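Data first, discussion second: the structure below is written as structure tokens.
The values are calculated or read from the model by the stated rules, or taken from the named source; none is laboratory data. Just so it is clear, the model here is predicted, and its values are computed rather than measured. Note that we place each Cβ from the backbone using ideal geometry, even for glycine, and neighbour counts take in every protein chain shown. Surface accessibility is based on the protein's heavy atoms, side chains included, excluding ligands, DNA and RNA. Shrake-Rupley method; radii C 1.70, N 1.55, O 1.52, S 1.80 Å.
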Amino acid sequence: MHIYYNPGNHTFHLCNRDISYIMTVLPNGQMGQLYFGRRIHHKDDFSYLLETRLRPMSASVFDDSSLFSMEHIRQEYGLYGTTDFRHPAVEILQENGSRISDFVYREHEIADGKPPLDGLPATYTESPQEAKTLLLHLEDPLTHIRLTLLYTIFAWGGILTRSARLTNHGAHSVQLTRAMSLCLDLPDCDWEWLQFSGAWSRERYPKLRPLEQGITAVDSLRGHSSHHQNPFLVLKRHTADETQGEVIGCSLVYSGNFLAQAQVDTYDTTRILLGIHPAGFSWKLEPGASFQTPEAVMVHSVCGLGGMSRTFHTLYRERLARGFWRDRERPILINNWEATYFDFTQDRLLDIAKAAKDCGVELFVLDDGWFGKRDNERRGLGDWTPNPQRLAQGIAGLAERITALGLRFGLWFEPEMVNRDSDLFRAHPDWVIETPGRHSSHGRFQYVLDFSRAEVVDHIYDRMAKLLREADISYIKWDMNRSITECYSGALPADRQGEVFHRYILGVYSLYERLTAAFPHILFESCASGGGRFDPGLLYYAPQTWTSDDSDAVERLKIQYGTSFCYPVSSMGSHVSVVPNHQVNRITPLHTRANVAYFGTFGYELDPGSLTDEEKCAVKEQIAFMKQYRRLIQFGDFYRLASPFGRNTAAWMCVSGDRRTAVIGWYRILNGTNLPFERIRLQGLDPELPYEIWEDNTRRGGIYYGDELMHAGLITSDASAGQPLPGERPGCDFDSRIFVLQA
Ligand code: DGJ
């Protein structure tokens, strides 16, 4: 990896084995973008990539020429108000009412490694050799506001991270009304736009459409990254697919309101903007103060969508997630939520725990309902003291009993929320987010605590830390079950109300930071009514996320498949739950529920005491299987083989780092009669190695070379007409099989 700088023409070339990113100081002093893509040779001069031509109706920068207009120039951080008419990266409302800025190059720094971003989650390095960072310092000569653009190129992979910092060196306060993390101008629009959309219980379905002139965008204005859209966008060439072709993925390391947008102009160039949503946002920048944007991560791949995903997986698993659990196999857990909801006693919980322990489960998680007067959704949130009616010996007593069984103990919190019917609300009614004089809407009868206020975060920290010190707690599920409405903080003046959404998320991050620092051995799993905050921001603190409240195996195929475009298998909370399923009422076979849940952190969300003896045996075998293969599944390379969208069969696989072992999940939604013969082409194997194949624990005869399995394919045809071969299981609806390959 290298960052070249040519002082003669002020050109910067950031490159590693996979990518080149080239930019230059333009004749007007601003920064122009020349190239982003596959690695190209370094030269001293790339100025031919800057095209300045006369176009009617454009406005020109220089008095003596009509050739130079920012309208046609690809920029590093676009500005509106002079000659560029596209949506800008930054907008600053100044004392005189003007919003025009002119950021010109002043100086730069090149450093080894990657600096942390103050108060914000971000990717990191563990040694200075892992990356190089360029800080470009620009300044507006009129306002004396300094803009620092940060670029980090990693030594491996097509990865470039970006963010921006604005510092007011002027004499007057200004209002920042837009500050994007990433602005990327591309020379053409020959791309398809891939976004990940959904709703509660059907998060992150991939949606593909061609880019057209005009705006294509997804966003969240809900105060969290949301079930509805994800802060992640992909541009792919029309011919690119899972295994080949050019793809650019852009991901925002942030958990609040965001905007991800592509604007194709009339000359068919494309501007990507990604960052905090400008709607409703403003930030008062007083003299001397700075504002740091969240980080955006760009991944360029010439190995298609699969190549892009695996780069994100490695980066987010190894250099975004942190701490004790980052590289550790995740405990197989049982969560009581779908088994009991609010209806439990200590004895009931212990029965569940004992039965789970008998099957080989390692961690018992007590979900909602253990605190305050919380016997339904309407009360108790905010009162983080155990309910003595349910837990006579408190959380410490329950944890002691659970750990005596040989299980670890985990606990649910929803730290950011309060019910009106709670002691916390009665003591501090002014601690909720609501607008004076306006009706306050609720979500699930709960209100959002004003985490922009340090004293609120301090209070919640003290309550949580007290419990964590008193009881033997190994895991926290951190839930968040509503969007933010009537956003306003009673603690901030009128001209700072545009800061509340962002300050709220900074408060969430600060609580996570304090808790993870004080209790480094606790495994955090984030959750927001399932996958409403499945984003890289939270993965920095919590290495796993409850992927969705929908635990049905067929639904989960789609959700986990879509989630895998950006997020690693180790981050996806996935459980086997009871049938009929509580979300869709579907009855799927136990083996398929496990075969889907294996491709995540794995656990159970049911009462094992209600299983038949045969089912208990099957669960024991499932847990033994997962214990054997979870390192490979959670930390190996993940390949999507067949999409569950619009098809009857789906498949994916994980391959160990040395490519000697692989686990393949194959799924068929509906059975049929006399079905076509079927095979799947595997990926990621060593073409030279001979593999043995186990199909649902039974060895298939023969050996198969990696190249055979990748090019001729793995035969998955079965009887399908109710006439299985000797030893073959008859097919059924919602069927699935696991294949293990061993070199
Ligand atoms: C929503 C979560 O997604 C569920 O798993 C469960 O924890 C409930 N909240 C509890 O209220």
What's the number of the condition Val596 fails, among (1) in contact with a strand residue (DSSP E or B) (Cβ under 9 Å, 6 or more places away or on another chain); (2) part of a loop (DSSP other than H, G, I, E, B)? (2)
Tally the residues that are in contact with a Phe, Trp or Tyr (Cβ under 6 Å, 6 or more places away or on another chain) and either on the phi > 0 side of the Ramachandran plot or among the aromatic types (Phe, Trp, Tyr) (or both), restricting the search to segment 1-36. 5
For segment 69-113, enumerate the residues that are open to solvent by 60 Å² or more (accessible area, probe 1.4 Å) and not charged (D, E, K, R). Tyr80, Thr82, Phe85, His87, Asn96, Ile100, Ile110
Out of (1) surrounded by fewer than 23 Cβ atoms within 10 Å (Cβ to Cβ); (2) touching a residue at least 60 places away in the same chain (Cβ under 8 Å), the one Asp343 does not meet is (2)
Within segment 208-225, residues open to solvent by 40 Å² or more (accessible area, probe 1.4 Å) and β-branched (Val, Ile, Thr) come out as Ile215
Is at least one residue of segment 327-340 outside any loop (DSSP other than H, G, I, E, B), more than 16 Å from the ligand (Cβ to nearest atom) and open to solvent by 50 Å² or more (accessible area, probe 1.4 Å)? no
Matching residues in segment 529-550 (in contact with a Leu (Cβ under 9 Å, 6 or more places away or on another chain), within 16 Å of the ligand (Cβ to nearest atom) and either among the small types (Gly, Ala, Ser) or at pLDDT below 95 (or both)) number 1
The lone condition Arg631 fails out of (1) closer than 17 Å to Gln544 by Cβ; (2) away from the ligand (no atom under 16 Å from the Cβ); (3) open to solvent by less than 30 Å² (accessible area, probe 1.4 Å) is (3)
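A quick yes/no check of all residues on (1) modelled with pLDDT of 95 or more; (2) open to solvent by less than 50 Å² (accessible area, probe 1.4 Å); (3) away from the ligand (no atom under 16 Å from the Cβ):
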residue: Asp430; (1), (2), (3): yes, no, yes
residue: Pro436; (1), (2), (3): yes, no, yes
residue: Gly443; (1), (2), (3): yes, yes, no
residue: Val448; (1), (2), (3): yes, yes, no
residue: Ile460; (1), (2), (3): yes, yes, yes
residue: Leu467; (1), (2), (3): yes, yes, yes
residue: Lys477; (1), (2), (3): yes, yes, no
residue: Arg482; (1), (2), (3): yes, yes, no
residue: Asp495; (1), (2), (3): yes, no, yes
Among residues of segment 32-48 being open to solvent by less than 40 Å² (accessible area, probe 1.4 Å) and out of contact with any helix residue (DSSP H, G or I) (no Cβ under 8 Å at 6 or more places or on another chain), the residue nearest to Asp18 (Cα to Cα) is Gly37
Would you mind stating whether Arg503 is more than 16 Å from the ligand (Cβ to nearest atom), within 21 Å of Phe281 (Cα to Cα), part of a helix (DSSP H, G or I) and open to solvent by 60 Å² or more (accessible area, probe 1.4 Å)? yes
The correct count of residues that are closer than 12 Å to Ala179 by Cα, acidic (Asp, Glu) and open to solvent by 10 Å² or more (accessible area, probe 1.4 Å) in segment 284-304 is 0
Is there any pair with a first residue in segment 229-240 that is without any contact (Cβ under 8 Å) to a residue 40 or more places away in the chain and closer than 9 Å to Gln195 by Cα and a second that is of a type in the set (Ser, Thr, Tyr) and surrounded by 21 or more Cβ atoms within 10 Å (Cβ to Cβ) whose Cβ atoms are under 7 Å apart and which are 6 or more apart or on different chains, and what are they? Gln229/Ser220
Determine, yes or no, whether Ser570 is assigned to a helix (DSSP H, G or I), open to solvent by less than 10 Å² (accessible area, probe 1.4 Å) and under 24 Å from Val361 (Cα atoms). yes
Restricting to segment 192-201, name every residue that is crowded, with 19+ Cβ neighbours inside 10 Å and more than 25 Å from Tyr267 (Cα to Cα). Phe196, Gly198
Checked segment 344-382 for anything among the aromatic types (Phe, Trp, Tyr) and either within 12 Å of the ligand (Cβ to nearest atom) or farther than 17 Å from Ile476 by Cα (or both); matches are Phe344, Trp370, Phe371
